[in-house]
1. Which value does Rg/Rh take for the range 190-251 over its C-alpha atoms, Rh per Kirkwood?
2. Leaving ligands, DNA and RNA out of it, work out the accessible area of Asp145 with a 1.4 Å probe and give it in Å² to the nearest 10.
3. Select from the range 98-194 those GluC sites (Glu not before Pro) which occupy a DSSP coil region and have at most 15 other Cβ atoms within 10 Å, ordered by residue number.
4. At 1.4 Å probe radius, can you tell me the per residue accessible area of the range 159-238 in Å²?
5. Ignoring ligands, DNA and RNA, how do Leu171, Leu259, Leu137 rank by accessible area with a 1.4 Å probe, largest first?
6. If you roll a 1.4 Å probe over the range 117-249 with all protein chains in place, what percent of the accessible area is carbon or sulfur?
7. Stokes-Einstein at 20 °C, 1.002 mPa s, Kirkwood radius from Cα pairs: D for the range 58-109 in µm² s⁻¹?
8. Can you give the accessible area per residue of the range 43-133, in Å², using a 1.4 Å probe?
Amino acid sequence: MAGRRRLAAAAAAALLCAGAASAVSQKPLRSNGVARGTEIGTLVLLRHGESIWNIAEDERFTGWTDVPLTRRGEFEATAAGKTLQGRNIEIETVHTSLLQRAGRTMELALASCAHEDVRVKRSWRLNERHYGALQGLNKAQAALDIGEAIVHEWRRSWEVPPPLMGETHPLWDSIYGHPMYDGLDVSVEKLPRGESVAQCAARLEPYWFSHIVPSVRSGRTTMVVAHANSLRALMRIMFRRQVTDAQIRTVKIPTGVPLIYRLEERPVLEEDLTAPSPEDPIEGLSETPDYDLVPRPPPPGFEGLTGEMLWPLEECPTIWHDWKLQSAIDSITEAAIQAAAEDEAIQMAIEQANRRR
């Protein structure tokens, strides 16, 4: 009798162990065998739509110069909002820069995907990287005049700054005399006169931790509308343990295409801090927090989008680019330009007829 009880107890214990093992095995694991963290929300990064200094025929160093969107850029921003709406993403908090090309993109995108109580916050810390004395120059002409190699280094390097802007620069007053820079958390005298991407990351990092991270960690669906280099810097801050300076150099962020991340929060483990790396991924940034925000695989409904990944594959962000959407934008833009030209021709004909009366 006692023997049968012992066998029954052993069998029950075995079943319990098997059930526990099954439950554990159902948890998705990281490559090092540690269970994933807690999913906390969605973060969308959106580069502004095409500006008048982004067009291929006359592409210029823009930086802090406050230029508007083109007509195509406005369609890109609207399409970005509709892309998010089509995937049932409602933006609850949005952060953007002080520059009008980002602000206008935000307005047009939110028209389709804003939550009813969306919160909007603007900061100079999300401004584009300051291109210093290069601002306003045609990029192709600058490469011919100054040298292709040095201009490429100024554009793509992480740590090399451009020549600083001086008070005699033709764009000086339009930047440092603009009322948008009154009443900031720093004086106008302390605003940058030119920046490397690393310096851009250093002035952006405090805003990431004080404003964007609390929003994401609270579970609010959050969007950041900014610029090519400030978003590259932000990616470097976000994924500092997964992405190196060299990898960030190669990232090209398209205008008006939302980059969608489902994030989870994981504690930083001792082996994470001591793991060998070919390049220190934390160099130039502040002390690492005790958690990581790591992207998860795309949810159902995103299978139709193509993208490219940084490395390592499991841990780094995906850049989603809907090429069908881009083709649609091209055709819509051409049709809109043609319609605008026809409207202008009709208006001119009406005015000429009135003058003949």
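1. Looking at the range 190-251, the ratio lands at 0.98.
2. So the heavy atoms of Asp145 present about 110 Å² to solvent.
3. Of the GluC sites (Glu not before Pro), the ones in loops of the range 98-194 whose Cβ has at most 15 other Cβ atoms within 10 Å are Glu159, Glu167.
4. 39
5. Putting Leu171, Leu259, Leu137 in descending order of accessible area: Leu137, Leu171, Leu259.
6. Ligands and nucleic acids excluded, carbon and sulfur give 53 percent.
7. Result for D is 177 µm²/s.
8. The answer is 37 Å² per residue.
The values are calculated or read from the model by the stated rules, or taken from the named source; none is laboratory data. All values reported here derive from a predicted model rather than from experimental measurement. Counting neighbours? That spans all protein chains shown, and the Cβs are built from the backbone with ideal geometry, glycine included. Calculation scope for accessible area: heavy atoms of the full protein, side chains included, ligands and nucleic acids excluded. Shrake-Rupley method; radii C 1.70, N 1.55, O 1.52, S 1.80 Å.
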